Amino acid sequence: MTIQTLASPVRTEDGDAPAAVASRFNRRIRRWGLIFIAPTLLFLLIFKYGPMLWAIGLSFTSYDMVSQPQYIGLQNYRLLLENPVFLETLVNTLVYVGASTALMTVAGLGLALAINTRVPGARHCMTAIFLTNLMPIIAVCLVCRLLLHPYGLVNQMLAPLGIERIDWLTNEATAMPAIVFVTVWRFAPYFMVVFLAALLALPDDYFEAAELDGAGVFRRFWHITLPLLMPTVFFVVVVSALLSARIFLMPFIMTGGGPGNATRVLSMLIYETGFSYMKMGQAAAISVVLFAIMLVFTTFQMRLFMRREQVYS
Amino acid sequence: MTTIPSEEVAVSRWQLTGWKRGLGLVLLLAFTIAFIIPILWMVTMSFQAGDKMFQLGTEWIPSVWHPENYPNALSRAAFAGYFLNSGVVSLVVMAGNLIFCTLAGYGLAKFRFPGDSIVLLLILSTLMLPLEVTLVPTFLIIYNFGWMNTYMGLAGPLLIDAFGVFLMRQSMLSIPNDYIEAARIDGAGEIRILLQIILPQCTPALAVLAIISFRDSWDQFLWPLTVVSSDAYRTFPLGLVQFGEDYGNPPSEQLAIAVLATIPVFLLFLVFQRSINRGFGLSGLK
């Protein structure tokens, strides 16, 4: 019995089986597809969409977990706009996201191109560089905090060059660049791997034609490799922007948001406002701002993704 | 000279010749060293005497090795317990991602139903809702569930990540539908098809998912900081920060813990390395 029903779609294609049997069969298969997806959808409902809607709702209230939430309209947002610390934090986050996204993309592509030259040992170099991406972020933070310490290794190595001791992490001018640098060091190897995979998948014929035309290495890169890699570049830009918009641990450990508020980012402000000062409504309002930033990047990504899907189908 | 094997023709396009090859090699080696020096420094300094860290002209290789830094560091706080907590949570998160992302990825890659593209977009759009954004409500949910200071509270919100669903879906798209149809005709159930036909063909993607979900959970800091207040459920990053703040703990002992924390992720990578390279599509690289 089961075998007969299961076999029916094949017969449908031959035009033998009754359409009703085929559609019942297809419906059953379709149901399996939904069963496979259901746990994930349920999970996302509880831990992603639900909390997001809740955060938006909370952002219009004053809530301290002791008394009931009080509706206060746009008061939280007004307070944010009047709060210089929030504005500074917002600017810091945008600067950090912009700088680390640009540098991670360029460094990832540069590393991938270097490994793709296929010099002997390139594969081992790739593995070694990728190890930084596997190092726990907390370990990265501790190591870099010691390296950048006023009496740490970086200053010791700069001393013979006649560069005076720099307090990397406690100086307004250098704290943010230092954190960006460490971020790039930790995350660029991942994008190296993404770029490398894209490079390996590039079609050969373009390059053959260019070689016949006698195009040099740089012209070949600029006019052929880079345009072909553009979808990957966009992907990397969006992913690294989403990644750096949520950064917390690096500034938290390396600078604690200082000096002053020079390296304080939105996720730190969310945590402090919500859990140190118990202003849950205010923290939710900051979350909504962070969400808006991520929404911009994700919309880009969705657009690109849908366009690529259409090309393939 | 006379005949060139076809494989070499395929890679020759990117290969450098003569002095450029030498320059490329030197540059690549310089990059590699720059990337791994902090890791090597972390390892050697974890064996260094505590007071030598900031002395001018620090020795790269300790003249006297201090392996006792490791037992000393471990005994100063309940690190064994912290590592156990991190390990349990990360393994649970890894298992959750492997199971549910595979199921959802299969459902999205190989089944057509009304609204399937909207479901895909709905799942992908949660990439913009990391825990940092939903921190306050997620905390309130866990609080209301009574999951504060539990493994469920630590692992729950991380069990499924949209990235994993996407990864599994993409890797299954290329599996020919004929295999699935043929198995159905032979009377195989849907679960058996998934286990016996689909899974063996996406082991590289599973390896990538395993290491990435383990690493991301192992790295979690903000979430444990939010839901854990009792020492018994602290994960190692929280313990390590506390350890660093306590006065008098030498940096070399912090680094010893950092080295220990790095080992599990590196080991996992080594175990899966071949599959991971294939999963990322790097098999063309010799």
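Computed from the coordinates by the stated procedures, all read-outs in this text should not be read as laboratory data. Predicted model, so just to flag it, every value in this text is computed and none were measured. Neighbour counts are summed over all protein chains in view; Cβ atoms, including those assigned to glycine, are modelled from backbone coordinates with ideal geometry.
Structure summary
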| read-out | value |
| --- | --- |
| Per-q log10 I(q)/I(0), the range B:74-224, q = 0.14, 0.21 Å⁻¹ (Debye; single scatterer per alpha-carbon; no solvent) | -0.77, -1.29 |
| Of every Cα-Cα pair in the range A:74-312, the percent that sits beyond 23 Å | 60 |
| Span-rule helices in chain A, defined as complete DSSP H runs reaching 30 Å or more along the axis (Cα) with Kyte mean at least 0.0 | A:19-44, A:84-116, A:172-200, A:280-312 |
| √(5λ) per eigenvalue of the Cα gyration tensor, the range A:105-212, largest first, Å | 35, 15, 13 |
| Label-point gap, in nm, between B:Thr150 and A:Asp167 - each point 7 angstrom along Cα→Cβ | 4.7 |
| Between the range A:108-162 and the range B:109-144, the Cα center-to-center distance that results, in Å | 35 |
| Average projected area [Cα convex hull, the protein assembly as shown], square nanometres | 33.9 |
| Rg/Rh (Cα only; Kirkwood hydrodynamic radius) as it applies to chain B | 1.06 |
| A:Thr61 long-range amide H proximity, modeled H, under 5 Å | A:Ile72 |
| Rounded FRET efficiency, nearest 0.05, which uses the C-beta distance separating A:Asp213 from B:Ser174 and R0 of 35 Å | 0.55 |
| Computed FRET value (nearest 0.05) for A:Gln68 with A:Glu272, which takes r as the C-beta separation and R₀ as 25 Å | 0.60 |
| FRET efficiency estimate (nearest 0.05) - Cβ-Cβ, A:Ile224 to A:Val95, R0 25 angstrom | 0.15 |
| Of the DSSP H helices in chain B, those whose Cα atoms cover at least 20 Å axially and whose Kyte score averages -0.5 or more | B:18-45, B:79-110, B:203-219, B:251-279 |
| Difference of contour (0.36 nm per residue) and Cα-Cα distance, B:Arg21 to B:Gln242 | 74.7 nm |
| B:Ser230 versus B:Phe113: modelled label distance in nm, points set 7 Å from Cα along the beta carbon direction | 4.0 |
